[in-house]
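Each remark here refers to the structure printed beneath this line.
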Amino acid sequence: MAASSPDKVVGTLDTFPHLLLNHARVRGDRPATREKDLGIWQTWSWRQVAEETRAMACGLSALGFKRGDNLAIVGDNRPRLYWAMCAAQMLGGVPVPLYQDAVAQEMAYVLENAGIKFAIVEDQEQVDKLLEIMGNGPALNHILYDDPRGMRHYTQPYIQSLDEVIEMGRIHDRTQPDFLDGEIALGRPGDVAVMLYTSGTTGKPKGVCQTHASFITAAQSGVEFDHLGPQDDILSYLPMAWVGDHLFSYAQAMVAGFTINCPESGDTVLTDLREIGPTYYFAPPRVFENLLTTVMIRMEDASAIKRRMFHAFMAVARRCGAEILDGKPGVSAADRLLYALGNLCVYGPLRNVLGMSRIRVAYTAGAAIGPDLFRFYRSIGVNLKQLYGSTETCAAVCLQPDGEIKFDSVGKPAPGVEVRIADNGEVLVRGKMLLKEYYRRPEDTAEAIDHEGFFHTGDAGFFDEDGHLKIIDRAKDVGKLASGDLFAPNYIENKLKFVSYIKEAVAFGQGLDKVCAFINIDLGAVGNWAERRNIAYSGYTDLAQKAEVYELIRQCVEDANADLAHDPMLCASQVQRFLILHKELDPDDDELTRTRKVRRGFIGEKYRVLIDALYSEKRSQFIETQVRFEDGRSGMISADLRIMEARTTPSQAVKKAA
Amino acid sequence: MQFFFEVLIAGLLSGVMYSLVALGFVLIYKASGVFNFAQGSMVYFAALTAVGLHDKGLSLWLSVPLTMVVMVVLALLIEKIVLRPLVAQPEISLFMATIGLSFFIEGLAQAIWGANVRALDLGIEDVPLEWVLEKANMAISQFDLIAAGIATVLVATLALFFSRTKIGRALRAVADDHQAALSIGIPLQHIWGIVWSVAGFVALVAGLLWGSRNGVQFALTFVALKALPVLILGGFTSVPGAIVGGLIIGASEKLAEVFLGPYVGGGLEGWFPYVLALLFLLIRPEGLFGEKIIRRI
Amino acid sequence: MDKVRKIGDVVLSFENISLSFGGVKALTNISFDVREHEIRAIIGPNGAGKSSMLNVINGVYHPQDGEIVFRGQHRRDMNTYESAKSGIARTFQNIALFKGMSVLDNIMTGRNLKMKSNFLLDALYWGPARREEIEHRKKAEEIIDFLEIQHIRKTPVGRLPYGLQKRVELGRALAAEPSILLLDEPMAGMNVEEKQDMCRFILDVNDQLGATIVLIEHDMGVVMDISDRVVVLDYGKKIADGTPDEVRNNQNVIDAYLGVAH
């Protein structure tokens, strides 16, 4: 859009460095970045951010960072790490944010693949990790750290504090101010702006190259869609390497000029959320779920009066809350009055506790969200919507427009985005926000983008009668049972995971005669449930194998079965036998991806004996598993797992008289 | 309706006075984790000393500050002789010590000033406020209002003091763990001295206000018993709890007496607060504002 | 990553300390010294007298015999309040936190001795007292940041799990900006990860804040990795004293530990 405008000033706003400098000019004193440090929110204005970023860029340049180089960024959401992205872009380099909790070998692969020579990291922990990697792999020329704590005794010359580099850059920028402006002017919208590695449910991660143009287009369409502006606030707490965070906390913030707020630490997010009260919010369903679980647990512990009031008003909200939010007609005056009262006594305080008092728009994406969960937030007046996208599409394919919210769709295609459904049900996408390429993988690029320019998302879905896209599963995961019925494992797993007691589920059935599942219970929710019933337990493994817990989960599974029976396509996919795993599935054990998606194939191999037992007549099965602790050591967990049958519900449509 | 409000206001005003007495308990409970059985005796002792000095010809402006000095000396002596040897002993020992202390203080007061009832005139007349009487046709006692005003100021100051200052924090620290408090350099003796002095001061104010209304007599020690339901209601450790508890007890006993009294033959005022407290114990044993005791296994 | 901190002169030494309760001898003729900036461990099997020794150092117990030299001053025993004033802070084996208070308030109490404003100003919460409060709050926040406990700042300590309570207790001790820090079994009852965290904090305290550390541990493993010198007690007597390597190979120590092997 910007490119088509004849206006000169607007015409130059086609790269992120230009956007930053423009904000420093037009709203120099407005807050750009906040961070809570030592218990106090520190604020940097757009002007300060621009200055710091310039200095950082000059410092990097003095160290030898130049056009075309890649800059690794590793750490929690810290202001200077965000600024570092723009600093790299000023010099025509490409920031490559990495998942900060990735183990060394994963990180090593990306560093190697992206040919990284420069890294800016948060603290000692990340420096140590990089040093470990460098011991037997890629060689970095420079490691710059943000937090000096514990770094005093590192004598390696290539390890430097970011402070030093910025100081150096400040002098550099003062003595030759034209240098950086010249570099920035060389930037083109078609240049690669950022490289985000996809977690990859299979195989090695791939570097997705996105240009300034694609991310700015994607950001602009979102900003216009939801009328975002400089007055908005967002809490930046999701991994910087995730496309969602990059879109919301970097690209959209740069386009709309709103304020990003960095929490004090990963553990304080809830408190920080309450203190900041963001107006714009983005989180994967898991975060919304955790928030709700926390509230529910606290409600269970509240006094009887409070509890009763809560439940009474929640019933009102369930009945009419979402409709009132959507401005739909047909809500009775009595209900409106009750809702207003509830807003005063319950929903308002609740939104406040959740840190959602000021939210105008909230989005969720990354996985399917449970209808109950989704409805809950909308019913208490939080304008929660869904969007659909991926790293390759700048997370901007479909959005739910205000007033057209459906619980099971991801909305309509964003402005300027073409969506087509292939014959095999796969969703194909075309638009300006598509990736330029996979880094150094031309054959993968060719495979993903067809000759017409459509990107193959790998998701299976369809459009409903209102033109909303509905995603059911990964295209390659959708299979058939032995009977020939459709088998969409993700869909089944999500149905199960929507129950608050179930944290993770893995469904099996491809080419088999029936569907069986592994369950991970939610330790918080089930633990609380058990405590209220005076069931003593010593930890996850013990709790998971309690007969009472199995009974509880069986109920949940049967409810999900009844739900599946509604849909004639999926009726055959009801879970007939299940077991509760003795350990939580963990990215450290390669069972989940970093974004917590189930690695079905890997799990299938690892727990072969359990699957065999599920498809036999056995009532229990012994298993011993190696686990890796956070400190890198490993140990063994063993248990005798029960296997339980779950009742299935006959199809509503074809009631067979057995 | 008008009559209802009249009773309610009278109840609330006398409730403030209950709060005042309860506050003395709360302070000491917070600092030493012990129910100070001698608080009632201190009220009696303080009032008797003040009125005794006054009767000897000293003006109130002189006798009251002098009494305050006596209360501080008493507090320091209690700390030195009774409490210091009991550092890090079980709470029950401290409690027993305060029982002994209460008998000693009562005896001491009577030995010095005799056991007669003495009248105390603070110069505030116990008459209804005229303009309220005219405007709203309600009888609100001027004395009650001023007494409540004094009590409110005192309570507010103390609440602020103990929640916002380092002494307040040190006080809570001492209450939690004597040994740990010592190890971080909190002077235990110092804190106890301060707290008992403040408790003495509160006792003095309460003694003067109650004494001037009902006469300074041995029955003042029983005022302390009225504080018990207040404490149960408000929680032993909470200053705001003492305030709210006092108001509830004051208001409810007056209302009960006036509106329920006729059906059960009167005399409700004496026992109604205890029944209320008992009911409350069943619902919320830690009190309205008390710290919820969480025991982990 | 070599340590550059300098171990200085002797700041605290004990000569022939003996302590008994009634007829029971807790400590017999114990002598050792502590140098500035070092990490000095006292180890030994259960009941060896380690905690008694620590209690002698900060004046909870008063030895019947022997002499303590503290910063050149010769004295018979120490006094709890005075030792706190002269820069000795400690933690306890069975966590002695103020359970009803928040983490922040607990740490603030640790600054008690650093607070200068007088009683009256404090009572009015006015002027200098208020400024001082802000100043101390900042220090407390630095400790919270250092120990990575921001998320529990406002939580009442009684609700925290054991490992975190230990960390808060360390925080309270640090708040006094001690020159000597006594740690009574800082890693007891912790899981592996918590132990590693605690080790890291102890090393950081020693290294970055320059505090001398005297710590007691029942479990030899962890201590050997982080201590500069180790005293070994058994049945109230000193059986070895030296660097971790020396102590590890000392026959008396091996016997003592094998003797109580589970």
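Remarks
- Within the range C:231-243, at least one residue is closer than 22 Å to C:GLY8 by Cβ and without any contact (Cβ under 8 Å) to a residue 60 or more places away in the chain.
- Hits in the range B:173-192 - residues which are buried (at least 22 other Cβ atoms within 10 Å of the Cβ), without any contact (Cβ under 8 Å) to a residue 40 or more places away in the chain and more than 7 Å from every other protein chain (Cβ to nearest Cβ): B:ALA181
- Here A:GLY266 does not fit the description of being farther than 24 Å from A:GLY381 by Cα, free of Cβ contacts under 8 Å to residues at least 24 places away in the same chain and surrounded by fewer than 20 Cβ atoms within 10 Å (Cβ to Cβ).
- Restricted to the range B:105-181, the set of helices (runs of 4 or more DSSP H) holding at least 1 residues that are of a type in the set (Phe, Trp, Tyr) and at pLDDT 80 or above comprises B:142-164.
- From the list A:LEU387, A:LEU338, the lone residue that is within 30 Å of A:PRO205 (Cα to Cα) and touching a Phe, Trp or Tyr at 6+ places or on another chain (Cβ under 9 Å) is A:LEU387.
- Restricted to the range A:415-452, and to residues there that are acidic (Asp, Glu) and in contact with a Lys or Arg (Cβ under 8 Å, 6 or more places away or on another chain), the residue that is modelled with the lowest pLDDT is A:ASP444.
- Selection from the range A:102-120 of residues that are in a loop (DSSP other than H, G, I, E, B) and more than 22 Å from the chain's Cα centre (by Cα): A:ALA114, A:GLY115, A:ILE116, A:LYS117
- Index of the failed condition, C:ASN46 passing every other in (1) of a type in the set (S, T, N, Q); (2) more than 27 Å from B:ILE186 (Cβ to Cβ); (3) within 14 Å of chain B (Cβ to nearest Cβ): (3)
- Scan of the range A:223-253 for residues that are over 23 Å from A:ASP37 (Cα atoms) and over 17 Å from the mean Cα position of the chain (by Cα), ordered by number: A:VAL223, A:GLU224, A:PHE225, A:ASP226, A:HIS227, A:LEU228, A:GLY229, A:PRO230
- Positions within the range C:194-253 being more than 14 Å from chain A (Cβ to nearest Cβ), surrounded by 15 or more Cβ atoms within 10 Å (Cβ to Cβ) and β-branched (Val, Ile, Thr), in sequence order: C:THR212, C:ILE213, C:VAL214, C:ILE216, C:VAL223, C:ILE226, C:VAL230, C:VAL231, C:VAL232, C:ILE239, C:VAL247, C:VAL253
- Neighbours by Cβ (under 7 Å, 6+ apart or cross-chain): first from the range B:157-172, more than 8 Å from chain C (Cβ to nearest Cβ); second charged (D, E, K, R): B:LEU171/B:LYS30
- If you go through the range A:311-361 and pick out every residue that is part of a helix (DSSP H, G or I) and in contact with a Cys (Cβ under 9 Å, 6 or more places away or on another chain), you end up with 5.
- Breaking point among (1) assigned to a helix (DSSP H, G or I); (2) facing chain B (nearest Cβ under 7 Å), for C:SER83: (2)
- Meets criteria (out of contact with any Asp or Glu (no Cβ under 9 Å at 6 or more places or on another chain), away from chain B (no Cβ under 14 Å) and in contact (Cβ under 8 Å) with a residue 12 or more places away in the chain) for C:ALA26: yes
- In the range C:169-187, residue farthest from the chain's Cα centre (by Cα) [restricted to those that are within 12 Å of chain B (Cβ to nearest Cβ), of a type in the set (A, V, I, L, M) and part of a helix (DSSP H, G or I)]: C:ALA175
- Among residues of the range C:91-108 being over 15 Å from C:ALA140 (Cβ atoms) and in contact with an Asp or Glu (Cβ under 7 Å, 6 or more places away or on another chain), the one that is farthest from the other protein chains (Cβ to nearest Cβ) is C:GLN93.
- Residue in the range C:55-78 that is at the interface with chain B (Cβ under 9 Å from one of its Cβ atoms) and among the hydroxyl-bearing types (Ser, Thr, Tyr) present: no
- Comparison of A:ALA560, A:ALA613 shows that the only residue that is free of Cβ contacts under 8 Å to residues at least 60 places away in the same chain, surrounded by 15 or more Cβ atoms within 10 Å (Cβ to Cβ) and either assigned to a helix (DSSP H, G or I) or of a type in the set (Val, Ile, Thr) (or both) is A:ALA613.
- Meets criteria (modelled with pLDDT of 85 or more and buried (at least 23 other Cβ atoms within 10 Å of the Cβ)) for B:VAL205: yes
- Selection status of A:SER409, touching a residue at least 40 places away in the same chain (Cβ under 8 Å), polar (S, T, N, Q) and surrounded by fewer than 20 Cβ atoms within 10 Å (Cβ to Cβ): no
- Among the residues of the range A:459-484, those that are assigned to a loop (DSSP other than H, G, I, E, B) and surrounded by 15 or more Cβ atoms within 10 Å (Cβ to Cβ) comprise A:HIS468, A:ALA475, A:ASP477, A:VAL478, A:LEU481.
- C:LYS138 meets each of the listed conditions (1) facing another protein chain (nearest Cβ under 10 Å); (2) in contact with a Gly (Cβ under 7 Å, 6 or more places away or on another chain) apart from (2).
- Check on A:LYS606, touching a Ser or Thr at 6+ places or on another chain (Cβ under 8 Å) and either among the hydrophobic types (A, V, I, L, M, F, W, C) or outside the structural domain of A:ASP408 (by TED's automatic domain parsing) (or both): yes
- A:GLU404 being at pLDDT 90 or above and either part of a loop (DSSP other than H, G, I, E, B) or among the aromatic types (Phe, Trp, Tyr) (or both): no
Residue by residue, here is whether (1) without any contact (Cβ under 8 Å) to a residue 40 or more places away in the chain; (2) in a loop (DSSP other than H, G, I, E, B); (3) buried (at least 22 other Cβ atoms within 10 Å of the Cβ) holds:
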{"position": "A:ASP29", "(1), (2), (3)": "yes, yes, no"}
{"position": "A:ALA55", "(1), (2), (3)": "no, no, yes"}
{"position": "A:GLY59", "(1), (2), (3)": "no, no, yes"}
{"position": "A:ASN77", "(1), (2), (3)": "no, yes, yes"}
{"position": "A:GLN100", "(1), (2), (3)": "no, yes, yes"}
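- When residues in the range A:242-272 are screened for being over 18 Å from A:TYR388 (Cα atoms) and out of contact with any Lys or Arg (no Cβ under 7 Å at 6 or more places or on another chain), 14 of them pass.
The values are calculated or read from the model by the stated rules, or taken from the named source; none is laboratory data. Quick caveat, the model's predicted, so the values are computed rather than measured. When we count neighbours, we look across all protein chains shown, and the Cβ atoms used for this are built from the backbone with ideal geometry, even at glycine.
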